[in-house]
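Notes follow the structure.
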Amino acid sequence: MFFDIPAELYHGSDFTNRSKLDDFHESRELYHERYVLGKQEDEENEAYKIGRALHAYVLEGPEAFFSRYTHIPEELYASWGHPNSNAHKAAKLAFQGMNAGKEILKPDEFAQISAMGEKVRTNPDAAQLLAVGHPEVTMRIRTPKHGFMVQCRADWLNRDGCALTDGQPYIADIKSVASFTARNWKHVWATHL
């Protein structure tokens, strides 16, 4: 188990993980281009951005979150004008320059992450599950039979357990979803198992 591997190192390693297996399952050509030839970058989308930021906010805490993320204040963002305008683009570039090395969140993204993070932090069960343990724990093995290098990353690991788990060790996983209803919960649950 490794407690200090940065996400970039985890995702950039030669170890096989679920994402790589999903790509292989989808298309062997995609897998070959992305991981063997290194030609195709992972696509960045808003959902990944929100998920990464939520992980930092909830699992690593506000200090870690603000060391890697900043947000554009609502009033400032509104003063820049239309997002496609030259004035907006210039203001955004200047803001990026003042916050070099940090990922910048728009006001609505920051509001969404803050709201979701506070919901998790104020939920009694989630608070208990996340009170003691380690965030973003990487586990690696080399399979005995074929020598494959395999890794997985637990969002949260508690080896000692808590009252909710009757003292049994557990892994907690944080997922963000666009909406949550009892009806879509079965789909979300099945998709991520």
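Please list, ordered by first then second residue, the pairs with beta carbon atoms under 8 Å, 6 or more apart or interchain, first in segment 45-67 and more than 23 Å from Ser19 (Cα to Cα), second open to solvent by less than 70 Å² (accessible area, probe 1.4 Å) and assigned to a helix (DSSP H, G or I).
These pairs meet every condition: Ala64/Ala56; Phe65/Ala53; Phe65/Ala56; Phe65/Tyr57.
Considering each of Asp22, Asp14 in turn, give the residue that is farther than 30 Å from Ala127 by Cα and not in a helix (DSSP H, G or I).
Only one candidate qualifies: Asp14.
Is it true that some residue in segment 38-56 is assigned to a helix (DSSP H, G or I), open to solvent by 40 Å² or more (accessible area, probe 1.4 Å) and of a type in the set (A, V, I, L, M)?
Yes - at least one qualifying residue is present in segment 38-56.
If you scan segment 135-157, which residues turn out to be open to solvent by 20 Å² or more (accessible area, probe 1.4 Å) and without any contact (Cβ under 8 Å) to a residue 40 or more places away in the chain? Steps first, answer last, please.
Step one: list which residues in segment 135-157 are open to solvent by 20 Å² or more (accessible area, probe 1.4 Å), which gives 135-136, 139-150, 152-153.
Correct list: Ile141, Arg142, Thr143, Pro144, Lys145, His146, Gly147.
Is it the case, given these coordinates, that His32 is in a helix (DSSP H, G or I) and either of a type in the set (A, V, I, L, M, F, W, C) or open to solvent by 60 Å² or more (accessible area, probe 1.4 Å) (or both)?
Spelling it out, His32 is indeed in a helix (DSSP H, G or I) and either of a type in the set (A, V, I, L, M, F, W, C) or open to solvent by 60 Å² or more (accessible area, probe 1.4 Å) (or both).
The values are calculated or read from the model by the stated rules, or taken from the named source; none is laboratory data. The shown structure was predicted, so the numbers you read here are calculated from the model rather than taken from an experiment. Reconstructed Cβ throughout: ideal geometry from the backbone, glycine too, with neighbour counts over all protein chains shown. Note: areas computed on protein heavy atoms with side chains; ligands, DNA, RNA excluded. Shrake-Rupley method; radii C 1.70, N 1.55, O 1.52, S 1.80 Å.
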